[in-house]
Amino acid sequence: MSDRINRKIEIPSDISHIKKVSNEIVKGLKQVGIVETLQFDIRLVVEEAVRNAIEHGNCYDKDLPVKILYSIDRSKCVIEIEDQGKGFDVTRVPDPRKQENLVKAGGRGVFLIRKLMDRVEYNEIGNKVKITKYFK
Amino acid sequence: MQIKVEDKSGIKVCYAEGDIDINSSPQVKKAFDKIIQTKSGKVLINLEKVGYIDSSGLATLVEILKNVKGFGGKLKLCNLSSKVRSLFEITKLEKLFDIKDTETDAIGTF
């Protein structure tokens, strides 16, 4: 098993490329020996964050890249996802658990990212998110 | 993603297999639109062979629930894996959906 993985990925803003990113990161998690339940959570969070970058950040403009930088070791996984958009105010995302939002179709991606990871940090303009999951 | 439908005691039991995510959600929605068109009042989705759901998948299931309820029908879910079930718990969608542990439990409570 590898001790540490550091890689960069760049994809066009096309949802068909989301799996490429999550597959590569999950492969890295397996190499380091991370359990399946955590692989599930990190896969989900990566796919949600990359999708948000494509959809809300780059507005599906295939000429605009989504940049992903990640590192995995036995103690933690850190992933940065950056789009070329104007960013958003994460504090304005409604809580999908509220009764009035439960029946709404969307709005759970950002919530799941925050709930499943240990640290979620956005840059000032909100076009780059850094997510961290600790394993120990 | 595959969805097979069986009629059991007047209930449309739908067996989903594969991931329900951003790629497969349109296909899932389309399949259930067809099932719902039959105006079957009782729909059960067996998720035993669904190992992964993302927020698009959850949104699709919410849409299906709204459509079934829209004509006065009932929808239940059963056989969720522990990880899939945990997503319903985290998002509080367990309050919106009638979730049963097994298909037998679900069929017995329609």
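If each Cα of segment B:1-86 is one equal point scatterer, what is log10 of I(q)/I(0) from the Debye formula at q = 0.12, 0.16, 0.27 Å⁻¹?
At q = 0.12, 0.16, 0.27 Å⁻¹ the computed log10 ratios are -0.30, -0.55, -1.55.
Return a whole-number percent for the relative contact order of chain A, with Cα pairs under 8 Å and 6 or more residues apart as the contact set.
Averaging sequence separation for qualifying contacts and normalising by length gives 27 percent for chain A.
Expressed as a rounded percentage, what relative contact order does chain B have, with Cα pairs under 8 Å and six or more residues apart?
With pairs under 8 Å counted, the relative contact order is 25 percent.
Assuming a viscosity of 1.002 mPa s and a temperature of 20 °C, what translational diffusion coefficient in µm² per second does Stokes-Einstein assign to segment B:43-83, Rh being the Kirkwood radius over Cα pairs?
Approximately 196 µm²/s, per Stokes-Einstein.
Just to compare against my own numbers: the Cα pair-distance distribution for segment A:51-136, 5 Å bins, whole % per bin, please.
Cα pair-distance distribution for segment A:51-136, in percent: 3, 13, 21, 23, 18, 14, 7, 2, 0.
Short version: what are the Cα gyration tensor semi-axes of the protein assembly as shown, square root of 5 times each eigenvalue, largest first, in whole Å?
The answer is 34, 20, 16 Å, longest axis first.
Using label points projected 7 Å from each Cα along Cα→Cβ, tell me how many nm separate A:V90 and B:E6, to one decimal.
4.5 nm
How large is ³J(HN,Hα) for each residue in segment A:106-121, as worked out from phi by the Karplus curve 6.51 cos²θ - 1.76 cosθ + 1.60 (θ = phi - 60°), to whole Hz, x for Gly and Pro?
x, x, 9, x, 4, 4, 5, 4, 5, 6, 8, 9, 7, 9, 9, 10
May I ask you to list the aspartates and glutamates whose Cα is less than 18 Å away from that of A:K136, ignoring any residue fewer than eight positions away on the same chain?
Output for A:K136: A:D3, A:E36, A:D41, A:D73, A:D118.
Could you pull out the pairs from A:K130/B:K76; A:K62/B:K74; A:K104/A:K133; B:K42/B:K92 whose alpha carbons sit more than 31 Å apart here?
A:K130/B:K76; A:K62/B:K74
Return, ordered by residue number, the residues of segment B:42-73 whose backbone nitrogen is under 11 Å from a label point located 7 Å along Cα→Cβ of B:E17.
Residues B:49-50 fall inside that zone.
Can you tell which of A:I25, A:G87, B:I11 lies farthest toward the positive end of the dipole of the protein assembly as shown, using +1 and -1 charges on the Cβ of basic and acidic side chains (Lys, Arg; Asp, Glu)?
About the Cα centre, the residue reaching furthest to the positive side is B:I11.
For segment A:4-134, with only Lys/Arg (+1) and Asp/Glu (-1) charged at the beta-carbon, what is the dipole magnitude about the Cα centre, in debye rounded to 20?
The dipole of segment A:4-134 has a size of about 440 debye.
How far apart, in nm, are the 7 Å Cα→Cβ label points at B:K49 and B:Q37?
Distance between the two pseudo-spin positions: 2.4 nm.
Can you give the extra length, in nm with one decimal, that the chain gains between B:S82 and B:D98 once fully stretched, where that is 0.36 nm per residue apart less the Cα-Cα distance?
4.2 nm
So for the pair B:Q27, A:V103, with labels modelled 7 Å out along Cα→Cβ, what separation do we get in nm?
Label-label distance for B:Q27 and A:V103, simple model: 3.1 nm.
Can you give the log10 of the normalised intensity I(q)/I(0) at q = 0.12, 0.17, 0.20 Å⁻¹, computed with Debye over equal Cα scatterers of segment A:1-109?
After summing over all Cα pairs, the log10 values are -0.47, -0.86, -1.05.
Rule-based calculations on the coordinates, nothing more; no lab input. Not measured: the values here are computed from a predicted model. We place every Cβ from the backbone using ideal geometry, glycine too, and count neighbours over all the protein chains shown.
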